[in-house]
Structures are given as C-alpha cells and as structure tokens.
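To start, the structure itself, in structure tokens.
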Amino acid sequence: MTASGPIILQALQLTKGFRGFIALDAVNLTVRQGTIHALIGPNGAGKTTCFNLLTRFLTADSGKILYRGQDITRRTPAWVARQGLVRSFQISAVFPHLSVLENVCIALQRGLGNSFHFWKSGRSLRTLEPRALELLHQVGLDHQETRLAVSLPYGQKRALEIATTLALDPELLLLDEPTQGMGPEDVVRIMGLIQQVAAQRTVLMVEHNMKVVSAICDRITVLARGRVLAEGSYEEMARHPEVLSAYMGTEPLYPALAGT
C-alpha cells in the first residue's frame with residue numbers, strides 16, 4: 001500500500017473541550033483511501049475523543065470533518081455509518097447471549113433498509129445466513145456459528161465484532177484498540193485479519209501495540225496532549241525526537257518506538 005491515494009477523511013482544526021479541559025486542540029488529520037492509518041499517543045492524548053468526534057458520537061466545539069469531500073460535522077452517528085464510515089469500540093460490543101451467527105445476521109439487517117427486528121422470530125433472519133456465514137469465514141470463525149458469543153475466547157470475540165462491522169459494508173473502518181488485552185497468538189491473528197480487511201477498504205485505527213503499528217500501518221499520526229505532534233511513516237516516527245520524548249517512560253511503547 002501507499003499513502004498517496006485520494007483523501008477519504010479529513011479533520012480540520014478539530015477541537016473539543018470538557019468543562020474547561022481541552023481534550024482535542026485544533027487537530028488536523030488526513031486519511032487516504034486504501035491505507036491503514038494509525039492514530040497513536042500516550043494515555044490521555046485524545047485518541048478516543050478524536051474517534052468519537054469523527055464518528056459523531058461527540059460533537060466538536062469547532063472545526064470541520066469531511067468524509068469523501070462532504071461535510072459531516074453535524075450529521076448523526078447513524079447517518080455517518082450508513083455512508084460507510086463504521087467504527088468498533090475498545091470494549092467488545094457483541095450480544096453475549098445470542099449465537100455467533102445471530103450477531104452477524106442482526107448487523108446484516110441494516111442492508112434490508114429496516115430497523116433491527118429483535119422481536120421477530122429467528123426464522124426471519126435465515127435469508128441473511130449465507131452472507132453471515134461468508135463473513136464468519138472471512139474472520140476465521142468457521143464452524144463457530146452456533147456458539148453463544150459469551151463463550152468465545154477474547155480474541156474470537158474481537159474477530160466477531162469485526163465481522164459485525166463488516167456486515168455494515170464499511171468503506172472506512174475505524175478500529176479502537178483492536179488488539180487490547182490479547183495474547184501474542186491472538187495479536188498475530190487480528191493483525192492478519194486487519195490486513196485482509198484493508199485489502200478492500202480503508203482502516204483508521206487507535207493502537208497501543210507498536211509491533212502491530214510497525215508491521216501493518218502505512219502512516220501514523222501521533223497525538224500528545226490533544227495536539228498532533230507528528231505524522232509520517234513508522235520509520236520516521238521511530239526517529240522523531242519529540243515522539244520519543246512523548247513516549248519516554250510509558251512502557252512498553254518507548255522501547256518499541258526506539259527499536260530496542
């Protein structure tokens with residue numbers, strides 16, 4: 001992948017405060033189509049606030065958000081999702097006491113142009129099952145469709161969440177800490193899944209694991225204290241003195257960036 005494709009998402013001077021505390025301060029962000037773009041920074045840098053603004057779960061105090069050139073700054077989260085800008089969350093958001101297959105079928109209902117039919121018989125979801133099974137195959141959950149989501153190991157729950165977001169047919173997928181709390185084997189699995197997903201769409205991700213960022217991301221934006229500190233490739237950020245200073249003492253990020 002390259003970082004020279006057309007712009008799909010832009011934040012212009014995006015600012016958000018909470019009772020006098022400026023969480024995001026005049027942030028500019030440009031995400032190009034067909035890339036995996038990471039948003040990184042120490043704890044409290046404003047990464048999740050930025051995600052919440054971009055997907056309209058929060059309203060900016062000032063600034064502008066452009067998606068495919070269209071101003072979405074005041075649009076609703078549901079409207080934004082229908083345009084193809086879809087996000088995941090730090091905490092798994094699947095329905096724990098429904099089956100793996102039912103979770104994906106419920107997400108697929110959006111494609112019918114109707115609201116979610118929680119009150120209808122499970123038979124009404126059967127027409128969606130072939131596509132749901134395709135998505136489960138795509139995220140490596142073959143033969144898990146009858147299991148309750150609550151019974152899945154943590155890594156598989158995150159894979160299921162990605163399947164439910166893919167059911168919304170996103171053009172731009174925002175992943176908030178996709179490998180958080182995972183062991184090494186699950187991290188490798190989710191990295192491969194993100195790369196597979198990104199082959200047909202754009203990915204913007206918040207991620208603390210620098211091994212993940214260095215392995216799969218085309219471009220990195222570094223936030224610190226609510227501002228953009230630097231932007232570039234992983235190799236450029238690993239040598240950037242201000243980036244290294246921002247991470248110093250925040251183990252394990254600083255050693256990873258420093259290449260030790």
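Each reported figure results from applying straightforward, stated rules to the coordinates on display, with no laboratory input. Every value quoted in this text rests on a predicted model; they were computed, and no experiment measured them. Glycine gets a Cβ as well: all are built from the backbone with ideal geometry, and neighbour counts include every protein chain shown.
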Simple SL model, points at 7 angstrom along Cα→Cβ for Gln196 and Ile7; separation in nm is 3.4 nm
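Could you list Val86, Val150 so that the one with the fewest beta carbons within 10 Å of its beta carbon is first and the one with the most is last? Provide the component values of the computation, followed by the final result.
Numbers: Val86 23, Val150 11.
By the 10 Å Cβ count, ascending: Val150, Val86.
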Mind running the shape call on the range 8-51? Use the C-alpha gyration tensor, a ≥ b ≥ c as the square roots of the eigenvalues: rounded below 1.5 for a/c, prolate if a/b tops b/c, oblate otherwise.
oblate
Once you place label points 7 Å from the Cα toward the Cβ at Gln138 and Thr59, how far apart are they in nm?
3.4 nm
Between the alpha-carbon centers of the range 129-202 and the range 25-68, tell me the distance in whole angstrom.
23 Å
Ranked highest first by the average count of other Cβ atoms within 10 Å around their residues, in what order do 53-60, 191-198, 204-211, 69-76 fall?
204-211, 53-60, 191-198, 69-76
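Stretch Phe18-Val188 to full length: gain in nm at 0.36 nm per residue minus the Cα-Cα span? Write down the numbers at each step before the final one.
On the way: separation 170, 0.36 × 170 = 61.20 nm, distance 3.67 nm.
Length difference between fully extended and current span is 57.5 nm.
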Roughly speaking, what is the stretch gain from Lys211 to His97, that is 0.36 nm per residue apart minus the C-alpha to C-alpha distance, in nm to one decimal?
37.7 nm
Place a point 7 Å from Cα of Arg68 in the direction of its Cβ. Which residues in the range 160-180 have their backbone N less than 18 Å from it?
166-174
Using a simple spin-label model with points 7 Å from Cα along the Cα→Cβ vector, what separation in nm is obtained for Leu244 and Gln33?
3.8 nm
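In which sequence would Lys47, Lys157, Lys16 go, from the one with the fewest C-beta neighbours within 10 Å to the one with the most?
On the way: Lys47 25, Lys157 19, Lys16 22.
Sorted ascending by nearby Cβ count, the order is Lys157, Lys16, Lys47.
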Using a cut-off of 15 Å between beta-carbons, work out the net charge of the residues near Gly63 (Lys and Arg +1, Asp and Glu -1, Gly63 not included).
+3
Name the aspartates and glutamates eligible as straight-distance cross-link partners of Lys211: C-alpha to C-alpha under 19 Å, and not fewer than 8 places from it in the same chain.
Asp176, Glu177, Glu185, Asp186, Glu231, Glu235, Glu236, Glu251
Which whole number of Å³ per residue matches the convex hull of the alpha-carbon atoms in the chain?
132 Å³
